[in-house]
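My questions will all concern the structure given below.
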Amino acid sequence: MNKDPKKSSHQTRAIHGAFKTGAWNFSQHLVPPMTTSTTFRLESLKRGAQGFQNFGQNKVDNPILIYDRLDEPNTLMLEEQLSSLHGGQVAIAFGSGMGAISTLMMSLVKQGQKIVAHQTLYGCTYSLLKNWIPRFGIETEFLDLNTFTETSLGKKFDLGSLKSYLSDSKIRLIYFETLSNPQMEFINFKPLLEAVKNENQNRSGDNKILVAVDNTFATPWAFRPLEWGFDFVIESLTKNISGFGTDMGGAIVTSKNYEVPLKVGRKDFGAIMTAHSAWHIMVYGISTQSLRFQQQQKTALEIAKFLESHPKIEKVIYPGLESYPYFKLTKDLLKSPDGQYSPGTMMAFRIKGEFAKTEQFVDDIAENSYTITLAVSLGLTKTLIEVPGYMTHSAMSEQDQLKSGIDPKLIRLSIGLESSSDIIRDLKDGLERI
Ligand SMILES: *Cc1c(COP(=O)(O)O)cnc(C)c1O
């Protein structure tokens, strides 16, 4: 059969999906219609009962739809697409990235167990782990995960201390971000996954250590964690995957083993995606994501080189530059499905001098730049600038920010689809004025 998605490239699958879905019957439409019903007609009591019984292990081929908070056709189609792009068995979509992250933690970790997270995290994830999760008797610990693992920064890999650290039977979940937000650190995950695998030989069932990674900065175009042995990959769909700044969403992609607890968790915690958002993200977002990402990445490299060569800039952190501290490590890991190095669309930089200069520059851009907008979020068609220490990461105390290397002067830039020469002109003019 020629209509087999497995024979096609990532980009083609991002457009055609499963081609023919069992999630909903709409054979005459080129684009699936948007569903607008929150509840579904059940032909008999028996079928209704069967639906509840099957829930969570729903066959996409023939789902018994009951109520939108359980399963809904547009979301099911989006999930098919996401799991295909990540090479997972299942994807579970949520109303936001935080909905996905909190449901993951609350569904799979229980009282008395422990979550170990890298010390630098997206601000709300940090707040979730610091302020909320411990209330349920779950311990959380923040570590520099790279202290255990050899990196191109010259830290020595220490297998002995990693092994003994992991032998703590309370540890249930290890959590970090592929390119940490905002300073773009990269965790040398291979020895970590290897050590977890060894430790798991001594554990069974609900005591096994699980490893989850937030892949929002990399997207499935630049990094596909399940291929490397991670248990879960999380995406905030609000960012590059949705891409236009119109819809929020999140997803977990994983294996069949975790489908039931995560779907039951989503049902009971309620962080569901709306059919409206699922439809937009599927129809406009996913199908254009790899093209947008590649173009933004090309521009990002030009911008990073411009900034690096500017006399008023102290440092630029971008994985496409040879000066990137993890350059050697990521070269073989951050790759597009067709094998090209994919350093991404995000960068951070510092301006020389006092913080007042940083503030002056950012305010100047906010006021005078045509292409660059002062706003949070990332991965959109418009180029965005922000100062994480004061904005997205303000949930962290100043002390914790410093400890995890968040520098209050670090400026984050998310590259859009404008032409690079226009973005460079705006940056250059702004820098000249300070
Ligand atoms: C935005 C973001 C999130 C949260 O996603 P929402 O869709 O805003 O809830 C999580 N992780 C990272 C790295 C993000 O950038």
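None of the figures in this text is laboratory data; all of them are computed from the coordinates on show. All of these numbers come straight from a predicted model, not from anything done at the bench. All Cβ positions, glycine included, derive from the backbone under ideal geometry; neighbour counts span all protein chains shown.
Across the stretch 196-274, how large is the tail of the calculated P(r) beyond 18 Å, expressed as a percent of all Cα pairs?
51
When only C-alpha pairs under 8 Å and at least 6 residues apart count, what is the relative contact order of the stretch 119-223, in percent?
With pairs under 8 Å counted, the relative contact order is 26 percent.
When DSSP assigns beta bridges and you keep just the ones with both residues in the chain, what percent turn out antiparallel, to the nearest 5?
In the chain, approximately 50 percent of DSSP beta bridges are antiparallel ones.
Anything in the chain that counts as a DSSP H helix reaching 24 Å or more along its axis (C-alpha) with Kyte-Doolittle mean of at least -1.0? List them, would you?
Helices passing the filter in the chain: 287-309.
I'd like the distance separating the alpha-carbon centroids of the stretch 40-106 and the stretch 172-187, in whole Å.
About 28 Å separates the Cα centre of the stretch 40-106 from the one of the stretch 172-187.
At a Cα cut-off below 17 Å, give the lysines reachable from LYS7, other chains included and same-chain residues fewer than 8 away excluded.
LYS7 reaches LYS20.
Please turn the phi angles of the stretch 24-38 into ³J(HN,Hα) values with the Karplus equation 6.51 cos²θ - 1.76 cosθ + 1.60 (θ = phi - 60°), one per residue in order, whole Hz, x for glycine and proline.
The phi angles translate into 6, 9, 8, 4, 8, 8, 6, 10, x, x, 7, 7, 10, 9, 7 Hz.
Which GluC sites (Glu not before Pro) in the stretch 308-415 sit in a loop by DSSP (not H, G, I, E or B) and have at most 15 other Cβ atoms within 10 Å of their own Cβ?
In loop regions of the stretch 308-415 (DSSP not H, G, I, E or B), the sparsely surrounded GluC sites (Glu not before Pro) are GLU322, GLU354.
Same structure, new question: Would you kindly compute the Cα radius of gyration of the stretch 1-125 and its largest Cα-Cα separation (Dmax), both in Å?
For the stretch 1-125, the Cα-based Rg and Dmax read 17.5, 53 Å.
Which trypsin sites (Lys or Arg not before Pro) in the stretch 41-109 sit in a loop by DSSP (not H, G, I, E or B) and have at most 12 other Cβ atoms within 10 Å of their own Cβ?
Sparse-neighbourhood loop trypsin sites (Lys or Arg not before Pro): ARG41, LYS59.
Using helices alone, what [θ] at 222 nm do you get for the chain, with -39,500 (n - 2.57) per DSSP H run of 4 or more residues, divided over all residues and rounded to the nearest 500?
For the chain, the value works out to -10000 deg cm²/dmol.
Let me ask another. Give the calculated FRET efficiency between ARG69 and TRP132 to the nearest 0.05, with a Förster radius of 30 Å applied to their Cβ-Cβ distance.
That gives a FRET efficiency of 0.85.
For the residue pair LYS352 and ASP422, what label-to-label distance in nm results when each label sits 7 Å from Cα along the Cα-to-beta-carbon direction?
Spacing of the two 7 Å Cα→Cβ label points: 3.1 nm.
Under a plain spin-label model, where a point goes 7 Å from the Cα along Cα-to-Cβ, how far apart in nm are ALA366 and GLU194?
Spacing of the two 7 Å Cα→Cβ label points: 4.8 nm.
Let me ask you something else. Counting C-alpha atoms alone, how compact is the chain: give Rg to one decimal and Dmax as a whole number, in angstrom.
22.0, 73
Suppose a student asked you for the relative contact order of the chain, using Cα pairs under 8 Å spaced at least 6 residues apart; what percent would you report?
Answer for the chain is 17 percent.
Whole angstrom only: what separates the Cα centroid of the stretch 404-434 from the Cα centroid of the stretch 251-265?
One Cα centre to the other: 39 Å.
Once you list every other residue whose beta carbon is under 13 Å from the beta carbon of ASP422, what net charge do they have if Lys and Arg are +1 and Asp and Glu are -1?
-1
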